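Below is one structure; the comments refer to it alone.
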Amino acid sequence: MGRSENRKMEFQRFTVKDEKCAMKIGTDGVLLGAWASPQSPDKALNIVDVGSGSGVVALMLAQRFAESKVTAVELEPHAVEQSRENFENSPFDSRMKCVEASFQDWATESDNQSSFDLLVSNPPFFNGKPKSPFHARNLARHDDYLNISDLFEGAEKVLRAEGVFGLVWPVEREADLMAAAKMWKFHVTRKCMIRPTPQHNPVRFLVEFKRDISGNLDVPSLILTNIVLETGEGEGRHFTSQHNDLMKAFFL
């Protein structure tokens with residue numbers, strides 16, 4: 001990452017700047033962008049990234065799924081501006097757009113109903129935690145304006161019948177996530193626990209859901225994996241082969 005006035009992350013095929021965003025590029029979003037996958041990844045897809053911030057997840061998905069159209073939905077105006085600039089400076093600009101709106105309102109628009117194959121989000125998941133004096137940072141981090149039930153409700157509206165909803169979530173709030181999924185009739189199809197090093201317990205996990213359109217009779221077996229990010233050996237950061245394999249299409 002660069003200095004605060006000129007922050008950017010260099011990927012193999014695009015650059016993401018985040019100096020205008022309250023929420024900076026982080027490990028959670030980058031892992032989600034590399035891991036999330038639709039039901040039929042070889043087809044032309046409609047993808048939506050909710051709470052897109054700098055647009056890094058949307059850009060990663062646009063690279064991975066070359067025939068896809070990617071919509072980023074973001075409420076904070078400065079982040080919207082940043083996303084649009086990052087999209088315009090990427091090779092995927094013709095297939096990408098950023099909409100300035102709350103996800104709750106955007107999901108009710110008729111053109112978006114049952115239109116998307118993959119919905120992803122690195123959502124604001126702090127609940128009951130001390131807040132920043134900066135409104136934009138609170139939007140990005142705390143779930144006052146977009147809670148997990150709102151996300152499932154919107155996903156139920158905009159996803160096609162076989163659509164996938166993927167997100168990254170803290171282990172400590174797993175019960176809240178699963179309660180919301182049950183309320184909106186979604187089931188888990190894939191889950192990946194994230195461990196910082198072999199010596200640490202997971203603090204985040206990646207997870208994908210699908211709608212229970214069959215009355216829960218044909219729910220497939222859960223695919224459960226895990227990833228360790230760093231070896232924890234020596235000075236500095238030394239990434240594991242697992243991490244490098246997941247990210248090899250993106251980093252120089």
P(r) of the chain over all Cα-Cα pairs, binned every 10 Å from zero, in whole percent: 7, 31, 39, 20, 3, 0
Sequence-distant residues sharing a close amide H with Glu19 (under 5 Å, placed H): Arg7
- line: For the stretch 229-240, Karplus-derived ³J(HN,Hα) couplings (6.51, -1.76, 1.60; θ = phi - 60°; whole Hz; x for glycine and proline) come out as 7, 10, 6, x, 10, x, 7, x, 9, 10, 7, 7
task: May I ask you to evaluate 6.51 cos²θ - 1.76 cosθ + 1.60, the Karplus curve with θ = phi - 60°, for each residue of the stretch 241-251 and list the ³J(HN,Hα) values in order in whole Hz, giving x for glycine and proline?
output: 5, 4, 4, 5, 5, 5, 9, 4, 7, 10, 9
statement: Karplus-derived 3J(HN,Hα) from phi for the stretch 16-31 (6.51 cos²θ - 1.76 cosθ + 1.60, θ = phi - 60°), whole Hz, x at Gly and Pro, runs 10, 9, 9, 5, 8, 9, 5, 9, 7, 4, x, 4, 4, x, 5, 4
- prompt: Can you sort His238, His243 so the residue with the fewest Cβ neighbours within 10 Å comes first?
  reply: His238, His243
- prompt: the stretch 1-76: percent of C-alpha pairs farther apart than 18 Å?
  reply: 39
message: Just to verify a number: FRET efficiency for Asp105 and Glu81, C-beta to C-beta distance, R0 = 22 Å, to 0.05?
response: 0.70
- request: Under a 10 Å cutoff between Cα atoms, tell me which one of Glu109, Glu156, Glu208 has the largest fluctuation in the Gaussian network model of the chain.
  value: Glu109
- line: Which of Asn112, Asn147, Asn122 fluctuates most in a GNM of the chain (C-alpha springs under 10 Å)? That residue is Asn112
Helical contribution to [θ] at 222 nm, DSSP H n ≥ 4, -39,500 (n - 2.57), averaged over the chain, rounded to 500: -8000 deg cm²/dmol
field: Spacing of the two label points (7 Å from each Cα toward its C-beta) at Asn89 and Gln199, in nm
entry: 3.8
- prompt: How many lysine pairs in the stretch 4-184, separated by 8 or more positions in sequence or lying on different chains, have Cα atoms less than 27 Å apart?
  reply: 25
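With both partners inside the chain, how many of the DSSP beta bridges are antiparallel, as a percent to the nearest 5?
DSSP beta bridges in the chain are roughly 40 percent antiparallel.
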message: Looking at the chain as a GNM with Cα springs under 10 Å, which of Leu206, Leu118, Leu229 has the largest mean-square fluctuation?
response: Leu229
message: For Phe250, what residues show an amide H to amide H distance below 5 Å, using hydrogens built from the backbone and excluding near sequence neighbours?
response: none
field: Placed amide H near Thr197: partners under 5 Å, 5+ positions off or other chain
entry: Leu229, Glu230
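Computed from the coordinates by the stated procedures, all read-outs in this text should not be read as laboratory data. Just so it is clear, the model here is predicted, and its values are computed rather than measured. Neighbour counts run over all protein chains shown; Cβ positions are idealised from the backbone, glycine included.
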